[in-house]
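The values are calculated or read from the model by the stated rules, or taken from the named source; none is laboratory data. Predicted model, so just to flag it, every value in this text is computed and none were measured. Virtual Cβ from ideal backbone geometry, glycine too; neighbours counted across all protein chains shown. Each accessible area value is taken on the protein alone, full model and side chains, heavy atoms only, with ligands, DNA and RNA left out. Shrake-Rupley method; radii C 1.70, N 1.55, O 1.52, S 1.80 Å.
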Number of protein chains: 2
Amino acid sequence: MSNETQSSTADLGEAAPGADGELIRSGRDATATRRALVRAARRRFATDGYRATTVRRIASDVGVNVALINRYFVSKEGLFEACMLRTSDELETQASTPSKSIDEVIERLIEHVVNAPDRDDPLQLLLLLRSSGDENADLIRRRTLEHFTRRLAAAAGWRPDDRESEAILLRAQLAIATSLGVVMLRTSAAVQPVASASGDDLTAPLRQIFGVLLGRSEQ
Amino acid sequence: MSNETQSSTADLGEAAPGADGELIRSGRDATATRRALVRAARRRFATDGYRATTVRRIASDVGVNVALINRYFVSKEGLFEACMLRTSDELETQASTPSKSIDEVIERLIEHVVNAPDRDDPLQLLLLLRSSGDENADLIRRRTLEHFTRRLAAAAGWRPDDRESEAILLRAQLAIATSLGVVMLRTSAAVQPVASASGDDLTAPLRQIFGVLLGRSEQ
DNA sequence: CCTCGATGTAAGCACTTGCTGACTTGATGA
DNA sequence: TCATCAAGTCAGCAAGTGCTTACATCGAGG
């Protein structure tokens, strides 16, 4: 019901959005179409799942011929893997400021969850739940999730090779599981009242959960 | 890797398991095959999703011809709807003891989550996240989840038409979202360390979360 | 024994899906 | 101007999918 077969080549418009304005937009920019394909694919894969997403649909989203997917990414699985890699990279750089307090990290995670249905990026988390059956992509997916877990756990006081703090790792993953569950219920499942809840309503309970799990403010 | 193309007609064996022992098992028992098909389908749908599940696969799981699916359930969507209905019924009767304390309800939910990867029934929760695109089945799915939410919320003190306790409803759904997230991470995503965590390790943090969310012991 | 309805099977149709190879189109430089 | 090559299109194949139709087989009643 949301976006159907329109949009044509529109998505290509913001390729090389003006970084230094050399390539104005010739309509024939390989890297731009590649990026547009990944963007469209990621959205589809995240919301509809791997199998339910067709390459024809992705191509039509971008307004480009299907054959380009095979030209640029070899196969549907190749495109999926590219999506995984890109998502992995983005999550990496987003969380690349290591010296954050646990409170800041929690606030960021909450914002991520709350904004998921509206913005594009937070759907990355959803994508990390999807599996294609491809070994490679699945490895990337799991590694990214585990990396994400360790980052969160580290902010909560977990240190590698410390048997005492091992439980923190598990708790961090429970926090991520909670986030994933909420995002799923809000986007895919469309279940009331979570789906229609305002961000403000969600923030308080989420803060409580994450606080309990990750020991907000030295608790 | 778990169950492949074997099993043949084995699943039919436990049809009419001995309720009153009239129909011994003729090998040609319509209701038994129907039940076996629903059981196999539910497992496939829950773990692999709707689109990735093929009717041929389900039929082969049971050891029966594909055409029977269309004979008994009209279509793949019909079979999916039957799965939803059955799951809805089971969750209904499981929680049909209304006068439970919130602590008991929480313990049950925890047990549900912890046992999900091993047993059959807890995967029902996972199934409730899957969508087929069929209007009817989707309605059942959402209604069941919302019903489940209200039950949990009611145990936590929520009363209909009470604006004050409206937040409890949201918190109950957050608890369900958490459960769903954990089950997903443990079964589908296979992410460490949650996937390999023992039930005991999970119980304590989960109890904490649900306690904070649902006000365990009059908090 | 034979008929008849119910249970199950085999073959295949119509359609989708991922993918391919040959082709066209546009930009660029000698 | 035009040869060249990358960027993109087109038609179609092979496999897979849901589903249907015609047929086989079993159990029971006349």
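Among the residues of the stretch A:188-210, which ones are at the interface with another protein chain (Cβ under 8 Å from one of its Cβ atoms) and either in a helix (DSSP H, G or I) or touching a Lys or Arg at 6+ places or on another chain (Cβ under 6 Å) (or both)?
Result: A:S188, A:A189, A:V191, A:V194, A:D201, A:L202, A:P205, A:L206, A:Q208, A:I209.
Quick one: would you say B:L214 is over 22 Å from A:A153 (Cα atoms) and at pLDDT 90 or above?
Taking the combined requirement at face value, the residue satisfies it.
Pairs, please: C-beta under 7 Å, at least 6 apart or cross-chain, first residue in the same structural domain as B:R28 (by TED's automatic domain parsing) and in the stretch B:63-75, second near DNA strand C (Cβ under 9 Å from one of its atoms) and of a type in the set (S, T, Y)?
B:G63/B:T9; B:V64/B:T33; B:L68/B:T33
Which of (1) out of contact with any helix residue (DSSP H, G or I) (no Cβ under 8 Å at 6 or more places or on another chain); (2) within 16 Å of DNA strand C (Cβ to nearest atom) is the odd one out, the single condition B:E104 does not satisfy?
(2)
Can you tell me which residue in the stretch A:29-51 is nearest to DNA strand D (Cβ to nearest atom), limited to those that are within 14 Å of another protein chain (Cβ to nearest Cβ) and in a loop (DSSP other than H, G, I, E, B)?
Going through the qualifying residues, I end up with A:R51.
Go over the candidates A:L213, A:L185 one by one and state the one that is within 15 Å of A:L129 (Cα to Cα) and at the interface with another protein chain (Cβ under 7 Å from one of its Cβ atoms).
None of the others qualify; the one that does is A:L185.
Here are some residues: B:T93, B:T149, B:T144. Which one is in contact with an Asp or Glu (Cβ under 9 Å, 6 or more places away or on another chain) and β-branched (V, I, T)?
When all the criteria are applied, what remains is B:T144.
Return the residues of the stretch A:66-101 that are polar (S, T, N, Q) and near DNA strand C (Cβ under 8 Å from one of its atoms); say none if nothing qualifies.
A:N70, A:S75
Quick check: anything in the stretch A:183-191 among the small types (G, A, S), in the same structural domain as A:L127 (by TED's automatic domain parsing) and open to solvent by 10 Å² or more (accessible area, probe 1.4 Å)?
Among the residues of the stretch A:183-191, at least one is among the small types (G, A, S), in the same structural domain as A:L127 (by TED's automatic domain parsing) and open to solvent by 10 Å² or more (accessible area, probe 1.4 Å), which makes the answer yes.
For B:A177, state whether it is farther than 12 Å from B:L214 by Cβ, outside the structural domain of B:R39 (by TED's automatic domain parsing), open to solvent by less than 40 Å² (accessible area, probe 1.4 Å) and over 13 Å from the mean Cα position of the chain (by Cα). Don't jump to the end; show me each part of the working.
Values: farther than 12 Å from B:L214 by Cβ: yes; outside the structural domain of B:R39 (by TED's automatic domain parsing): yes; open to solvent by less than 40 Å² (accessible area, probe 1.4 Å): yes; over 13 Å from the mean Cα position of the chain (by Cα): yes.
It is true that B:A177 is farther than 12 Å from B:L214 by Cβ, outside the structural domain of B:R39 (by TED's automatic domain parsing), open to solvent by less than 40 Å² (accessible area, probe 1.4 Å) and over 13 Å from the mean Cα position of the chain (by Cα).
Consider A:A52 carefully, then state whether it is of a type in the set (A, V, I, L, M, F, W, C) and away from DNA strand C (no atom under 12 Å from the Cβ).
no
Test A:S101 against the criterion of being within 16 Å of DNA strand D (Cβ to nearest atom), more than 14 Å from every other protein chain (Cβ to nearest Cβ), out of contact with any His (no Cβ under 7 Å at 6 or more places or on another chain) and of a type in the set (S, T, N, Q), and give yes or no.
So A:S101 does not fit the description; no.
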